[in-house]
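J.: Pasting a structure below so you can have a look.
The values are calculated or read from the model by the stated rules, or taken from the named source; none is laboratory data. Keep in mind the model is a prediction, meaning the values are calculated, not measured. Positions of Cβ are backbone-derived with ideal geometry, glycine not excepted, and every protein chain shown enters the neighbour counts. Please note that ligands, DNA and RNA were not included when accessible areas were found on the heavy atoms of the full protein model with its side chains. Shrake-Rupley method; radii C 1.70, N 1.55, O 1.52, S 1.80 Å.
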Amino acid sequence: MTQAMYYSPSKGSFYTPELQAVYEASGSWPGDLVSLTQEEYDTVMSAQGEGKYISPGEDGYPSIADSKPISQEEAIQAASRKQAALLSSAMSAISLWQTELQLGTITDDEKAQLVAWLAYIKLLKAVDTSTAPDITWPTAPAAA
């Protein structure tokens, strides 16, 4: 088969050989292009037409996925939202025990639960969301 198209993984775009001179003249011809056959190009475009997403594969060639890949910034934002929601939920879980502790009416079992949840909250606060999506979230204590 003959070469039909180029794909740039850094740009996530396709380029036609016929327009190479135009792109080069403007300084926008990427240096990381991979060659695709007409059949490969047609396969990716057909998948996109069916609602699939195209993104660079590890080998630099276009890869087809069911969902849109998210950026590092989007992953960090999602992790920060998750962290805030988990902290809010944990704070809500301990609020009654904190009141009982202040009033001196807390049981030993409730006090143990409070201590476990406070340790969990510390672990949640220590999560570095900038490493998203590679985060191992701490496990919440078991419900009493």
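J.: Would you say ALA143 is open to solvent by 80 Å² or more (accessible area, probe 1.4 Å), out of contact with any helix residue (DSSP H, G or I) (no Cβ under 8 Å at 6 or more places or on another chain) and over 30 Å from MET5 (Cα atoms)?
T.: So ALA143 passes the test.
J.: May I pose another question? Can you tell me which residues in region 98-117 are under 15 Å from ALA142 (Cα atoms) and open to solvent by less than 70 Å² (accessible area, probe 1.4 Å)?
T.: If we filter region 98-117 for residues that are under 15 Å from ALA142 (Cα atoms), which is where we start, we get 109-117.
The answer is GLU110, ALA112, GLN113, LEU114, ALA116, TRP117.
J.: What pairs come out if I take residues in region 34-45 that are open to solvent by less than 40 Å² (accessible area, probe 1.4 Å) and pair them with residues that are hydrophobic (A, V, I, L, M, F, W, C) and part of a helix (DSSP H, G or I) whose C-beta lies under 9 Å away, six or more apart or interchain?
T.: LEU36/VAL44
J.: On to the next question. Tell me whether region 42-49 contains one or more residues that are acidic (Asp, Glu) and more than 32 Å from the chain's Cα centre (by Cα). Explain how you work it out, then say what you get.
T.: Residues of region 42-49 that are acidic (Asp, Glu), as a first pass: 42.
Next cut, more than 32 Å from the chain's Cα centre (by Cα) only: none.
No: zero hits.
J.: For region 1-45, enumerate the residues that are closer than 14 Å to ILE64 by Cα and small (Gly, Ala, Ser).
T.: Once the filter is applied, which keeps residues that are closer than 14 Å to ILE64 by Cα and small (Gly, Ala, Ser), region 1-45 yields GLY12, SER13.
J.: What is the residue count in region 129-140 for residues that are within 17 Å of ALA85 (Cβ to Cβ), surrounded by fewer than 13 Cβ atoms within 10 Å (Cβ to Cβ) and not β-branched (Val, Ile, Thr)?
T.: Adding up the residues that qualify gives 2.
J.: Follow-up question, since we're still on this one. Could you check LEU123 against (1) assigned to a helix (DSSP H, G or I); (2) at pLDDT 95 or above; (3) open to solvent by less than 70 Å² (accessible area, probe 1.4 Å) and say which number it fails?
T.: The single condition LEU123 does not satisfy is (3).
J.: Exactly one of (1) touching a Phe, Trp or Tyr at 6+ places or on another chain (Cβ under 9 Å); (2) under 23 Å from SER130 (Cα atoms) is unmet by ALA84. Its number?
T.: (1)
J.: So if I check each of PRO62, PRO17, PRO69, which one is surrounded by 12 or more Cβ atoms within 10 Å (Cβ to Cβ), touching a residue at least 12 places away in the same chain (Cβ under 8 Å) and farther than 28 Å from SER130 by Cα?
T.: PRO17
J.: Which numbered condition trips up ALA85, out of (1) surrounded by 12 or more Cβ atoms within 10 Å (Cβ to Cβ); (2) more than 16 Å from the chain's Cα centre (by Cα)?
T.: (1)
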